[in-house]
Each structure stands twice: as structure tokens, then as C-alpha cells.
Amino acid sequence: MLRRLSFLAILLTASLPAGAETLSCPDMSTAVQAGSCPTKAELEYGFTGFCSDNARMMDKDTICNDFEKYRALKDTSLWEAGAFQGYLSCSLTPERIRAAKPVSVAVGRAGTIQRVACTYDNEAVMAIRTRAACTPNGPASVECPAN
């Protein structure tokens, strides 16, 4: 009987969460550019193809009125900081990106995946996706219970 109770106690303890992990917004001074910025020719080619009469995009009325609107949306490059990634505007200099400080963090859910998004003072957004159910824990971190 005592063995059975000990076994049940071990099973119960093993099924309890082991704790929580804190995810903090990355320090942008460690960010690296992982992709290149598109050339003007690539942007013009994309604009022509995306905004042509045969394009079947729902939002083409909002950005196809003006090449500068399209360029502002599509002139981005992939940046990485630790496990976080973001498509940041090529109009931002690398120095300005690396000097950015976090101002807020948000958690969004899509099915079983959560997106933790850190917004910085230069409007850059770096994100990570996780299956853990995270909740904000201050302006620059989230708590994610261990599974």
C-alpha cells in the first residue's frame, strides 16, 4: 500500500508543470541582417506584377495607387536576434536598428501557435513563435509555462 501511494505521488509530481520560462525581447545590438534589401529594379518588377490587372490580391487598391506606398511595404530585409526574427524596413540604417530599445510586447494566437512580438522605439517588430501559452510580463518579456 505504501509503495502504491509513493508511486502515485511520483506520478502526480511528474505531471505538474516544472515551472515557467521567461522570454525577453532581444537586445537589438546583437541583431544581424540575414537577408538583403531588394534593389529598385526588383521593387519595380514586383510592383508591376503585383499591381497588374491580372493580380488577384485583395488589398491591391490600398498600395497600388502609388509606387512609394508599395515600396514602403515591400522594401524590407530579414533580421535575426537570437531566436527572434523580423522583416525590418531597409530605410532604417543598421546603426538605428541595433540601437533600438523595446517599448512593448504582445502575444497573439493562431490555433496552437502563439506569436510573441516585441515592438521597438523605431517601430521595428521582432517575433518568435511558440506552442507555449505565454502571457505578457512587463513591457519587454513574457512568461511561458513549461509543457
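If you take all other residues with their beta carbon under 15 Å from the beta carbon of V107, and give Lys and Arg +1 and Asp and Glu -1, the sum is +2. Highest mean first, the peptides 29-37, 97-105, 67-75 sorted by other C-beta atoms within 10 Å per residue fall in the order 97-105, 67-75, 29-37. Where does the charge balance sit around T135 when Lys and Arg score +1, Asp and Glu -1, over other residues with C-beta under 15 Å from its C-beta? Charge balance near T135 sits at +1.
Only the coordinates and a few stated rules stand behind these numbers; no lab work does. All figures in this text were calculated on a predicted structure; none of them were measured in a lab. All Cβ positions, glycine included, derive from the backbone under ideal geometry; neighbour counts span all protein chains shown.
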